[in-house]
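The values are calculated or read from the model by the stated rules, or taken from the named source; none is laboratory data. Predicted model only: the values in this text are computed from it and were never measured. Cβ: placed from backbone, ideal geometry, glycine included. Neighbour counts: every protein chain shown.
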Amino acid sequence: MTPAGYTDRHARAGLAVRLPGLATWPNQFSGYEIRLDFPEFTSVCPKTNLPDFGTIVIRYRPVRRCLEMKSLKLYLGAYRNLGIFNENVVNRILRDVVRAARPRWCEVRGDFTSRGGMTNHVVAVSRRGRPSGRPIP
């Protein structure tokens, strides 16, 4: 049952918006993990237009390509004024990172600050360099 006032438009908000591209560079080593923490993540709730704050953690095992950090910072900063649900933020970041770097595996975690006395922790995982899922039509 959908709560009053929430629509499919709210649910899909931010998924198709064009964001800055993620650049990569050639990996020189194998068998290691990269962890990137972005503790100042912000986006906007598509229903209430209130800001959401959180920490995004990206963990991945590179194969041939590594994420270039300046482009990642610009990419994550583009969410600042974007109306998108926390769950969609994490899944979209996972999809975009996997498409750009094709890692052996990738995990994106979003730890969002309390709103109304409740915190939100979302984790999305990809194996074998493929996005883990697609939005439900």
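What the table shows:
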{"read-out": "Matching residues in region 1-39 - criterion: being of a type in the set (Asp, Glu) and either closer than 30 Å to residue 62 by Cβ or at pLDDT 90 or above (or both)", "value": "33, 37"}
{"read-out": "Restricting region 61-85 to residues that are in contact with a Lys or Arg (Cβ under 8 Å, 6 or more places away or on another chain) and more than 25 Å from residue 7 (Cα to Cα), the residue that is surrounded by the fewest Cβ atoms within 10 Å (Cβ to Cβ)", "value": "64"}
{"read-out": "Scan of region 86-112 for residues that are free of Cβ contacts under 8 Å to residues at least 40 places away in the same chain, surrounded by fewer than 21 Cβ atoms within 10 Å (Cβ to Cβ) and farther than 25 Å from residue 28 by Cβ, ordered by number", "value": "87"}
{"read-out": "Of the criteria (1) modelled with pLDDT under 95; (2) in contact with a Phe, Trp or Tyr (Cβ under 6 Å, 6 or more places away or on another chain), which one residue 42 fails", "value": "(1)"}
{"read-out": "Filter result (touching a Cys at 6+ places or on another chain (Cβ under 9 Å) and not aliphatic (A, V, I, L, M)) within region 36-74", "value": "51, 52, 59, 60, 61"}
{"read-out": "Number of the condition not met by residue 100 [criteria: (1) part of a helix (DSSP H, G or I); (2) aliphatic (A, V, I, L, M); (3) under 23 Å from residue 121 (Cα atoms)]", "value": "(3)"}
{"read-out": "Members of region 25-55 found to be of a type in the set (Asp, Glu) and more than 14 Å from the chain's Cα centre (by Cα), listed by number", "value": "33"}
{"read-out": "Complete set of residues in region 2-47 that are within 24 Å of residue 115 (Cβ to Cβ), surrounded by 11 or more Cβ atoms within 10 Å (Cβ to Cβ) and among the hydrophobic types (A, V, I, L, M, F, W, C)", "value": "11, 13, 15, 17, 19, 38, 41, 44, 45"}
